[in-house]
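The values are calculated or read from the model by the stated rules, or taken from the named source; none is laboratory data. The shown structure was predicted, so the numbers you read here are calculated from the model rather than taken from an experiment. Backbone-built Cβ (ideal geometry, glycine too); neighbour counts: all protein chains shown. Surface areas here come from the heavy atoms of the whole protein model, side chains and all, with no ligands, DNA or RNA. Shrake-Rupley method; radii C 1.70, N 1.55, O 1.52, S 1.80 Å.
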Amino acid sequence: MAYPSQLGFQDAASPVMEELLHFHDHALMIVFLISTLVLYIILAMVTTKLTNKFLLDSQEIEIIWTVLPAIILILIALPSLRILYLMDEVNDPHLTIKAVGHQWYWSYEYTDYEDLTFDSYMIPTQDLAPGQFRLLEADHRMVIPVESPIRVLVSAEDVLHSWAVPSLGVKMDAVPGRLNQTAFITSRPGVFYGQCSEICGANHSFMPIVVEAVPLQQFENWSSLMLEDA
């Protein structure tokens, strides 16, 4: 959960998000070093009155400022491509959930069960219980078992939506007539919040996503209760 005046990302709750945080720090350090070097060169050029006529026509420095940026780009691109392929991997999911975006709520279908579907609406401000978050709480949470590979099939019923949970490192567009796929593993129990990340209409900011990761036994008890109510 993000907090006021937060500068960085939310705490990672999945292995992919941990990799994304490491890549962010890696790229930020490279940008910081480049910015420091450029600032030093600018200050040196402004403050010094000495010139070197051979420096202006030097093949060695031409080679350096051509090869060095290429090496830096490679150092950024390789880990980026690695994470990109990791995010696309879906290996033997234990549970498959279909998330369908509507104007303006989400519906979830647990496809491994015969009849486990429900809609998830935002809780109005006047109905919030003490400690609940305004604009982020939903009346029905997407409950999943912790430390289990989860596959989410994302689609939309009407317009473009986007199913995104920042702390899990998940963001997938929901397109009408198209079924997109993403996967994640929660590394710890907890409640993780997200929102539709596509401008989908008047109530775009009022269709929250709430993922609750619980131990396997607790998930089985929850699914049994949901099936009985259905």
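Remarks
- For segment 102-142, the tally of residues that are assigned to a strand (DSSP E or B) and under 22 Å from Ile199 (Cβ atoms) stands at 8.
- In segment 188-230, residue nearest to the chain's Cα centre (by Cα) [restricted to those that are among the aliphatic types (A, V, I, L, M) and assigned to a helix (DSSP H, G or I)]: Leu216
- Of the numbered criteria (1) buried (at least 17 other Cβ atoms within 10 Å of the Cβ); (2) among the basic types (Lys, Arg); (3) within 22 Å of Ala2 (Cα to Cα), the one Arg151 fails is (3).
- Residue identified as outside any helix (DSSP H, G or I), open to solvent by less than 60 Å² (accessible area, probe 1.4 Å) and farther than 22 Å from Leu225 by Cα among Pro79, Pro93: Pro93
- Subset of segment 79-123 (residues that are within 19 Å of the chain's Cα centre (by Cα) and acidic (Asp, Glu)): Asp88, Glu89
- Leu135 vs. criteria among the hydrophobic types (A, V, I, L, M, F, W, C), in the same structural domain as Trp106 (by the TED database) and either more than 17 Å from Val90 (Cα to Cα) or open to solvent by 10 Å² or more (accessible area, probe 1.4 Å) (or both): yes
- Of Leu20, Leu39, all but one fail to be surrounded by 13 or more Cβ atoms within 10 Å (Cβ to Cβ) and not polar (S, T, N, Q); the exception is Leu20.
- Here Val146 meets each of (1) hydrophobic (A, V, I, L, M, F, W, C); (2) closer than 17 Å to Ala99 by Cβ; (3) buried (at least 17 other Cβ atoms within 10 Å of the Cβ) with one exception, condition (2).
- Flag if Gln103 is at pLDDT below 90 and either within 30 Å of Ile123 (Cβ to Cβ) or open to solvent by 70 Å² or more (accessible area, probe 1.4 Å) (or both): no
- Scanning segment 172-185 for residues that are of a type outside the set (Lys, Arg), more than 15 Å from Leu20 (Cβ to Cβ) and outside any strand (DSSP E or B) yields a total of 3.
- Restricting segment 184-211 to residues that are of a type in the set (Ser, Thr, Tyr) and open to solvent by 20 Å² or more (accessible area, probe 1.4 Å), the residue that is nearest to Ile150 (Cα to Cα): Ser187
- For segment 174-183, filtered to residues that are open to solvent by 70 Å² or more (accessible area, probe 1.4 Å) and in contact (Cβ under 8 Å) with a residue 24 or more places away in the chain, the residue that is farthest from Ile150 (Cα to Cα) is Leu179.
- Pair list, Cβ under 8 Å, 6 or more apart: segment 32-60 residue over 21 Å from Ile72 (Cβ atoms), other residue modelled with pLDDT of 70 or more: Leu55/Ile61
- Every listed requirement among (1) open to solvent by less than 50 Å² (accessible area, probe 1.4 Å); (2) under 26 Å from Gln217 (Cα atoms); (3) in contact with a Phe, Trp or Tyr (Cβ under 7 Å, 6 or more places away or on another chain) is met by Thr117 save one, (1).
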